[in-house]
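Presented below is the structure to which this report refers.
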Amino acid sequence: MTKPALNRRAFNALSAAFSLTFAATAVPRRVQATGLAAATDATVQSQEHTVKFQDGKIVPAIGQGSWHLGEGRHPAAVEEEALRTGISLGMTLIDTSGNYGAGHSEELIGRAIGGKRNKIFLVTKVEANEATGEEMARACDASLARLKIDSIDLYLLHWPVPVLQFAGVVAGFEELRAKGKIRAWGVSNFNTRQMEELFRVPEGHRCATNQVPYSLNNRGIERDLLPWCKEHSMPAMGYSPLGGDNRLVIGDATLKRIGEAHGCSAAAVALAFVTRSGNLIAIPESGSPAHVKENAVALSLSLTPEDLQALDAAFPGPNTR
Ligand SMILES: NC(=O)c1ccc[n+]([C@@H]2O[C@H](COP(=O)([O-])OP(=O)(O)OC[C@H]3O[C@@H](n4cnc5c(N)ncnc54)[C@H](OP(=O)(O)O)[C@@H]3O)[C@@H](O)[C@H]2O)c1
């Protein structure tokens with residue numbers, strides 16, 4: 001048997017460590033910090049940016065979204081290949097929902113992760129109108145069946161319900177957790193006030209994350225939600241991190257210029273920006289293997305203070321002076 005060549009991830013990391021110029025070369029934080037001598041195979045394996053949940057679980061800082069997968073934008077086989085490419089490059093957190101493509105997204109993911117379940121951190125969602133008692137259990141079983149798995153790693157409430165229903169939703173999640181159908185639960189699209197209310201109900205503090213929109217051109221959560229998450233040692237999850245279908249940021253000249261300096265795409269720079277705190281997981285979606293490869297570079301890309309300053313000026317946030 002021939003020895004497999006270095007995969008792209010390992011090659012990129014080594015290229016960066018030895019200051020080679022290569023189309024997808026990134027600057028791994030660990031290599032910068034530890035210097036050339038430490039750029040052994042072991043560091044190549046461990047230098048990617050990760051995020052730690054409160055229960056100690058560590059996941060990659062860049063995952064994969066799937067809102068439009070399974071809807072025919074790309075051929076299904078290409079979308080499955082895109083997901084598998086992402087997994088092989090380290091983007092092993094996959095985000096979906098029972099209602100994406102009326103269940104087709106979960107089915108496609110179920111096929112793509114076949115045989116790789118142990119490598120994957122699977123996030124899916126229950127809708128607000130299904131979030132009570134038996135309805136939630138039924139929705140969870142349906143997702144498990146479509147994904148062909150026994151347990152969901154993280155089950156999210158897709159959109160907020162009225163505050164008075166928070167206790168019931170948490171009780172439903174905790175029941176699923178006790179039965180082993182989910183390992184953790186969280187919420188999505190909650191504002192800071194709703195997070196405060198959630199933490200007031202019994203077991204509400206067990207919420208693992210809040211999945212909210214976050215991109216260079218949508219930085220509103222920097223005002224209070226991100227500081228709140230940090231204060232409560234809770235990682236946030238950023239959706240539409242490239243700006244979403246209709247407001248993609250990747251054509252921006254500053255992003256392109258910084259990407260050229262690092263030898264990577266504008267998309268990778270945009271993803272590195274949103275994950276810069278170390279307390280946010282970005283979930284870009286792509287049904288294109290080539291795009292997925294570009295996005296995966298952000299797993300080991302560290303922007304310089306000058307890069308961050310230039311991006312802050314090009315895309316002012318709520319705290320930009
Ligand atoms: N919780 C919620 O309420 C909520 C709401 C929205 C989204 N989400 C989650 O977040 C995920 C991502 O959000 P999103 O899909 O709205 O926005 P996004 O990830 O910011 O953008 C997706 C778009 O970017 C393109 N793209 C991806 N990588 C690219 C690259 N390297 N170069 C050029 N184009 C690229 C994709 O097209 P190609 O397929 O052609 O690459 C697609 O059109 C969703 O899939 C979903 O899982 C959650």
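The values are calculated or read from the model by the stated rules, or taken from the named source; none is laboratory data. Source: prediction; values computed, not measured. For neighbour counting, all protein chains shown are included, and Cβ atoms are generated from backbone atoms with ideal geometry for every residue, glycine included.
Filter region 218-227 down to the residues that are buried (at least 19 other Cβ atoms within 10 Å of the Cβ) and more than 15 Å from the ligand (Cβ to nearest atom) and list them by number.
Result: Leu226, single match.
Please state which one of Arg321, Arg276 is outside any helix (DSSP H, G or I) and modelled with pLDDT under 95. It would help to see each step written out before you state the result.
On the way: Arg276 fails: modelled with pLDDT under 95.
Exactly one residue qualifies, and that residue is Arg321.
Considering only region 60-77, how many residues are over 28 Å from Pro235 (Cα atoms) and in a loop (DSSP other than H, G, I, E, B)? Outline the logic, then answer.
Applying the first criterion (over 28 Å from Pro235 (Cα atoms)) to region 60-77 yields 70-77.
Still in the list and also in a loop (DSSP other than H, G, I, E, B): 70-75.
Residues meeting the conditions: 6.
Hey, among Leu248, Leu299, which residue is within 15 Å of the ligand (Cβ to nearest atom) and more than 17 Å from Met91 (Cβ to Cβ)?
On the way: Leu299 fails: more than 17 Å from Met91 (Cβ to Cβ).
Within the list Leu248, Leu299, the selection yields Leu248.
Kindly indicate which of Ala208, Ala139, Ala131 is in contact (Cβ under 8 Å) with a residue 40 or more places away in the chain, within 16 Å of the ligand (Cβ to nearest atom) and more than 23 Å from the chain's Cα centre (by Cα).
Working: Ala208 fails: more than 23 Å from the chain's Cα centre (by Cα); Ala139 fails: more than 23 Å from the chain's Cα centre (by Cα).
The unique qualifying residue is Ala131.
Restricting attention to region 101-135, which residues are crowded, with 16+ Cβ neighbours inside 10 Å and on the phi > 0 side of the Ramachandran plot?
Gly101, Gly103
Here are some residues: Ile258, Ile281. Which one is part of a strand (DSSP E or B) and crowded, with 21+ Cβ neighbours inside 10 Å? It would help to see each step written out before you state the result.
Working: Ile258 fails: part of a strand (DSSP E or B).
On inspection, the qualifying residue turns out to be Ile281.
Of the conditions (1) more than 11 Å from the ligand (Cβ to nearest atom); (2) at pLDDT below 95, Glu231 satisfies every one except a single condition; which number is it?
(2)
Take region 100-109 and flag every residue that is within 20 Å of the chain's Cα centre (by Cα) and more than 12 Å from Ser66 (Cα to Cα).
none
Can we say Gly98 is within 8 Å of the ligand (Cβ to nearest atom), in contact with an Asp or Glu (Cβ under 8 Å, 6 or more places away or on another chain), small (Gly, Ala, Ser) and on the phi < 0 side of the Ramachandran plot? Before you say what the answer is, go through the steps one by one.
Details: within 8 Å of the ligand (Cβ to nearest atom): no; in contact with an Asp or Glu (Cβ under 8 Å, 6 or more places away or on another chain): yes; small (Gly, Ala, Ser): yes; on the phi < 0 side of the Ramachandran plot: yes.
Judged against the criteria, Gly98 is not a match.
Out of region 132-190, which residues are among the basic types (Lys, Arg) and touching a Lys or Arg at 6+ places or on another chain (Cβ under 9 Å)? Show your work before the answer.
Within region 132-190, the subset among the basic types (Lys, Arg) is 138, 146, 148, 177, 179, 181, 183.
The answer is Lys148, Arg177, Arg183.
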